[in-house]
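The values are calculated or read from the model by the stated rules, or taken from the named source; none is laboratory data. Keep in mind it's a predicted model, so treat the numbers as computed, not measured. Glycine gets a Cβ as well: all are built from the backbone with ideal geometry, and neighbour counts include every protein chain shown.
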Amino acid sequence: MRAAVVVFPGSNADSEMLATLRLAGFLAVSVWHKETALPSPVDLVALPGGFSYGDYLRCGAICRASPILPAIQAHAARGGLVLGVCNGFQILTEVGLLPGALTRNAHLRFECSDVWVTPTGDSAFTRGLPRVLSLPIAHAEGRYQADHETLARLEDEGRIALRYCDAHGTPSDRGPNGSVRGIAGVIGGPSRNILGLMPHPERRSEALHGGADGKLLFDAARASLLAGVAA
């Protein structure tokens with residue numbers, strides 16, 4: 001399995017993303033945002049966390065003009081796996097690959113803590129996950145919002161990937177950042193092949209990191225690819 005981690009000016013979680021993908025059995029390489037093509041072949045494209053372009057304008061907004069974006073969009077349209085974490089999630093919403101928007105945390109503070117999330121939607125990244133995962137967050141603009149029609153569609157189609165919850169898996173209405181319906185991640189794409197989430201699974205991938213719950217998402221993606229479930 002081959003993976004590409006797209007690096008933008010200001011990305012800061014690309015090293016952790018590469019390391020975790022490799023731990024999960026992917027042959028992973030980094031791709032600078034000024035490239036116009038992804039490696040071929042490639043099974044999974046990851047957009048890591050950070051502060052792309054210094055978070056000027058809006059978080060992730062300037063990335064829509066990056067030369068690599070058409071290649072990422074084409075990969076997603078073919079059913080290839082796309083993962084956006086934190087700033088990567090923000091980028092995916094800004095370029096229209098995922099619905100909704102990530103806005104300032106309700107309390108207007110940077111939030112850095114461990115949280116519990118529960119998988120609530122089916123995708124290549126979430127199949128077979130346990131009921132509760134412990135993952136870290138680190139963001140100031142992680143409050144997920146969408147209009148009522150979009151939220152209804154996400155609910156009806158089972159595209160809310162993860163919700164913030166307590167240690168027993170009881171979902172939260174708002175989570176640590178005020179996200180509508182406690183949404184921590186959403187699923188998009190023609191074959192449910194795109195995942196965006198605010199928690200950092202790549203930062204909880206080994207026992208030395210305090211646990212390996214995050215690696216389970218990468219293991220699930222690889223298992224889906226091996227089973228031929230994802231393109």
I'd like to check something: does region 200-211 contain any residue that is among the polar types (S, T, N, Q) and either assigned to a helix (DSSP H, G or I) or surrounded by 22 or more Cβ atoms within 10 Å (Cβ to Cβ) (or both)? yes
Does region 93-101 contain at least one residue that is farther than 22 Å from E206 by Cα, in a strand (DSSP E or B) and either touching a residue at least 24 places away in the same chain (Cβ under 8 Å) or in contact with a strand residue (DSSP E or B) (Cβ under 6 Å, 6 or more places away or on another chain) (or both)? yes
Filter result for R143 (surrounded by 23 or more Cβ atoms within 10 Å (Cβ to Cβ), among the charged types (D, E, K, R) and more than 13 Å from the chain's Cα centre (by Cα)): yes
Total residues in region 160-197, condition surrounded by fewer than 23 Cβ atoms within 10 Å (Cβ to Cβ), within 29 Å of L225 (Cα to Cα) and among the polar types (S, T, N, Q): 1
For A61, state whether it is surrounded by fewer than 20 Cβ atoms within 10 Å (Cβ to Cβ) and closer than 27 Å to G228 by Cβ. no
Condition first: aliphatic (A, V, I, L, M) and either farther than 12 Å from Y144 by Cβ or modelled with pLDDT under 95 (or both). Now tell me which residues in region 156-203 satisfy that. A167, I187, I194, L195
Taking the condition of being surrounded by fewer than 15 Cβ atoms within 10 Å (Cβ to Cβ) and in contact with a Leu (Cβ under 8 Å, 6 or more places away or on another chain), how many residues in region 1-28 meet it? 0
Residue pairs qualifying under the 6 Å Cβ cut-off, at least six apart or on distinct chains, with the first in region 27-44 being under 17 Å from P67 (Cβ atoms) and free of Cβ contacts under 8 Å to residues at least 40 places away in the same chain and the second being crowded, with 19+ Cβ neighbours inside 10 Å and of a type in the set (S, T, Y), are H33/S66
Please list, ordered by residue number, the strands (runs of 3 or more DSSP E) wholly in region 1-84 having 3 or more residues that are within 27 Å of E206 (Cβ to Cβ) and in contact with an Asp or Glu (Cβ under 9 Å, 6 or more places away or on another chain). 2-7
